[in-house]
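Engineer: Got a structure here, written out as structure tokens. Questions coming.
What follows is calculated from the coordinates using simple rules that are stated; it is not laboratory data. The structure presented is a predicted model; accordingly, all values stated were derived computationally and were not measured. Please note: Cβ atoms are built from the backbone with ideal geometry, for glycine as well, and neighbour counts cover all protein chains shown.
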Amino acid sequence: MGLLKGNATSRVLGGVLHILHNNPCHLELCVDSWPTFTTAICYRQKQRFSSSSSSSSSSFGVIPDICTIFTKNSETLRSLLLDERVINWRSGLIFRGIPSSHCHLIRELAALSGLDITEYGGYDTFIHHNPENMDWQEKVLPLPISILDESHAELVDTHLPYGGNQESLNHVRACIHHLPNHCVTDEKRGPVSWMLSDELCELRMAYTLPEYRRAGHLLALSLALIRRMSSVGLPVYCHVSQYNQATINAVTSLGFSVCPSVEKISVLLMCKDRV
């Protein structure tokens, strides 16, 4: 675990912590050597999520393959990415939190497998280094803070930039069931603002319905979710587009700081096979 401490390793570390806590997200970790290593890949191969609760028989269906990396050596990274036991190069595979200097390698390997890539780039990494020292004075809202349930997954998925398919919906349902989240609900108990965490411990999928904005909902949800995650020893971080100044200002006011030593990162989605 000590080898993975640092701003550049937050995504892999987040995955490892979930692995150590009963691994509800079915992640695996692969390194190029042990006990010292230069490359670590945290990944999930195509499989079916189901509830681990003995009192529930929920099945979430197939969810997307994901992969995130930490590396100090491009050659060992290439070797692991080409290992079929680690990465199944197929349409729908998502590479998350990839440093810009390694995106070209992933595009190259995707092309070798006959895949195209949609890239969402230009994100900065923001980390909260001292959540235990935050002022936890909660903002008083006219609407109550609650927790999402699986029936809200379609609403959340509708507002994701790369949602709208069955695997994405299954993934949202699984995150709601297994991982920390919070929402603000209206008088009919319907969510109007929400924030989730994912299998890499990233705070994401935040959204507020237009008619409920400028009321401080996301600020209150952020405080609640940061407190909840830090209380169980999970890292607190997020990624924000370099062009989204409003969100940058918001996370900075909460005590997050940008990691100047970490490159801009991208999300890369493997698209349909080339014709």
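Engineer: 5 Å is the cut-off here: which amide hydrogens, built 1.01 Å from N in the peptide plane, fall below it relative to L115, excluding neighbours closer than 5 in sequence?
Structural biologist: R274
Engineer: Picking from V232, V184, V16, which is most flexible by a Gaussian network model of the chain using Cα springs under 10 Å?
Structural biologist: Between V232, V184, V16, it is V232 that shows the largest mean-square fluctuation.
Engineer: So how strong a dipole does the chain carry about its Cα centre when Lys and Arg Cβ are +1 and Asp and Glu Cβ are -1, to the nearest 20 debye?
Structural biologist: Magnitude of the dipole: close to 60 debye.
Engineer: Using the reciprocal of the averaged 1/r over all distinct C-alpha pairs, how large is the Kirkwood radius of the chain in Å? Please list the in-between numbers first.
Structural biologist: Working: mean 1/r = 0.0516 Å⁻¹.
For the chain, inverting the mean 1/r across all distinct Cα pairs yields 19.4 Å.
Engineer: Taking every pair of Cα atoms in region 131-258, average 1/r, invert it to obtain the Kirkwood radius, and report Rg/Rh to two decimals.
Structural biologist: Numbers: Rg = 14.0 Å, Rh = 15.1 Å.
A ratio of 0.93.
Engineer: For every helix of n ≥ 4 consecutive DSSP H residues, a contribution of -39,500 (n - 2.57) applies; sum these over the chain, divide by its total residues, and give [θ] at 222 nm rounded to the nearest 500 deg cm²/dmol.
Structural biologist: -8000 deg cm²/dmol
Engineer: Restricting the count to DSSP beta bridges whose residues both fall in region 131-258, what percent are antiparallel, rounded to a multiple of 5?
Structural biologist: Restricted to region 131-258, the bridges split so that about 90 percent are antiparallel.
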